[in-house]
Amino acid sequence: MNEITAGVGSDPGEDGGSDAVSTGTGTGTVQLQVPADSSYVAVLRTVTAGLAARCDLTLDEIEDLRIAVDEACALLLPIAASAAQLTARFELSAGQLVIGVSVPAHDGVEPSREGFGWTVLDALTNEVHVTGTDTAMTITLTKRREPARQ
């Protein structure tokens, strides 16, 4: 069964009930789970754009993040365990959005950092990191609003 779940909260473990994101303050945490299938990546891109706008990122920065999330998923989906869920965790703050995209993966299997996808991630975000455990792999993207050019 394909299922999408979402949670909103002001604390990392909190789910629902909080108005931290819904009040327009642009701060809080949102977590979204979708099947680890490329047909659901569009959902993550759309959520990314909406949340990035809440963090007061520019249109160009929002589009950069949409592309970066797409590339992160493209790197993670091939190493995802079968019938897995892809989890995206969004940490919102004023002028910054941190996105952790993770999938259950076999121990020692990491996304390639040599190809075009990694180059895109590095170019479109302020920071990109890969972390893994014996059961999951996560790519964390950070995008900060750049100061206005004069």
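What follows draws every value from the coordinates through simple rules; no lab data is involved. If you're wondering where the values come from, they're calculated on a predicted model, not measured in any experiment.
Overview of results
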quantity	calculated
5 angstrom amide H check on Asn126, placed H, neighbours 5+ away	Thr142, Lys143, Arg144
Ellipsoid equivalent to the stretch 22-116 - semi-axes via the Cα gyration tensor, in Å	25, 14, 11
5 angstrom amide H check on Gly28, placed H, neighbours 5+ away	Leu92
Residue-span extension gain [Arg145 to Phe116] - 0.36 nm each, minus C-alpha spacing	8.0 nm
